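Trainee: Sharing a structure with you now.
Since every read-out is calculated from the coordinates, none of them should be taken as a lab result. Model, not experiment: these values are computed from the prediction. Methodologically, a virtual Cβ is constructed for each residue, glycine included, from the backbone with ideal geometry; neighbour enumeration extends over all protein chains shown.
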Amino acid sequence: MKICPSILSADPTKLGEEIRSIEKTGADSIHWDVMDGNFTEAITFGHHIIANHRKLTELRFDVHLMVINVERHIENFALAGADMIIIHPESTIHLHSSLSIIKSLGKKTGLALNPTTSINVIDYCFDVLDMVLVMGVNPGSSGQEFIQSQLRKISELKNLLPASMEICVDGGITDQNIRQCKECGANSFVSGSYIFKNANYSNAIQKLKES
Ligand code: DX5
Ligand code: ZN
């Protein structure tokens, strides 16, 4: 089971220190929420920020691109040091092509499903898919409440996907709802506010693992 802290909820005035703190906790990756002010209202990190933090840690960098015309940006984030690039089907006209570009750059692929996006979109991109990410909230900010209807989506994915596939839940995860998500079949969790609002990040991650 993987826990992937979202750096969006970290203290933006000391991202480097925050990454070093997370590295000591046994977290499985750093999750970068990239927003462009169009796909989402907010604007967050560009590829330069990620590239500048790449040298601080060996942890997997998962880059979650919430940007339109995503195919224009994939190479920059690959060169910045992403290990996995997660995209939304709504962000590109040619989804299979965009996922294939990520693969051709030697990176793992993730497909993020908004709360109202059906799992049907996966049917024809199995061959270029390493991870499916179920959004527990609408993209745009951390600290939102988990949308319960996504539990059924996790169960449907569990039935559809090979056991080796990473099924990740992103948004609204707490020690109160993570068990339900695990029981439905999720094996990876992004967490922003739950971890970073806790004074002790290791304790928070441990609690999520044990819940
Ligand atoms: C939402 C982002 C999430 C979010 C998670 O657009 O994709 O990764 O930062 O934050 P919490 O865990 O606080 O919902
Ligand atoms: Zn995310």
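Trainee: Using only the alpha carbon atoms of the chain, find the Kirkwood hydrodynamic radius as the inverse mean reciprocal pair distance, in angstroms to one decimal.
Mentor: Evaluated over the chain, this radius sits at 16.9 Å.
Trainee: With a cut-off of 8 Å between alpha carbons and a minimum separation of six or more residues, what is the relative contact order of segment 1-89 in percent?
Mentor: Relative CO of segment 1-89 lands at 27 percent.
Trainee: Which residue, LEU105, PRO12, SER188, has the largest displacement toward the positive end of the dipole of the chain when charges sit on each Cβ (Lys, Arg +1; Asp, Glu -1)?
Mentor: SER188
Trainee: Further question on the same structure: Take every Cα pair under 8 Å in segment 2-210 that's 6+ residues apart, average their separations, divide by the length, and report that relative contact order as a whole percent.
Mentor: Relative contact order for segment 2-210 comes out at 20 percent.
Trainee: Please work out how much length the chain gains when fully extended from SER149 to ASN38, using 0.36 nm per residue of separation minus the C-alpha to C-alpha distance, in nm with one decimal.
Mentor: Full extension of this stretch gives 37.4 nm more.
Trainee: Report the convex hull volume per residue for segment 51-110, counting only C-alpha atoms, in Å³.
Mentor: So the per-residue Cα hull volume is 71 Å³.
Trainee: List the pairs from LYS108/LYS207; LYS107/LYS182; LYS107/LYS158; LYS55/LYS158 whose alpha-carbon separation is above 31 Å, in the order I gave them.
Mentor: LYS55/LYS158
Trainee: Using the 10 angstrom Cβ neighbour count as an exposure proxy, how do GLU18, GLU23 rank, fewest first?
Mentor: In order of increasing Cβ crowding within 10 Å: GLU23, GLU18.
Trainee: How big is segment 78-148 by the Kirkwood estimate over distinct Cα pairs, in Å?
Mentor: On the way: mean 1/r = 0.0774 Å⁻¹.
With all distinct Cα pairs of segment 78-148 included, I get 12.9 Å.
Trainee: Where Rh is the Kirkwood radius over the Cα pairs of segment 154-201, the temperature 20 °C and the viscosity 1.002 mPa s, what D in µm²/s does Stokes-Einstein return? Write out the running numbers ahead of the final one.
Mentor: Working: Rh = 11.5 Å.
D, rounded to a whole number, is 186 µm²/s.
Trainee: So, with +1 on the Cβ of K and R and -1 on the Cβ of D and E, and no other charges, what is the size of the charge dipole of the chain about its Cα centre, to the nearest 20 debye?
Mentor: 400 debye
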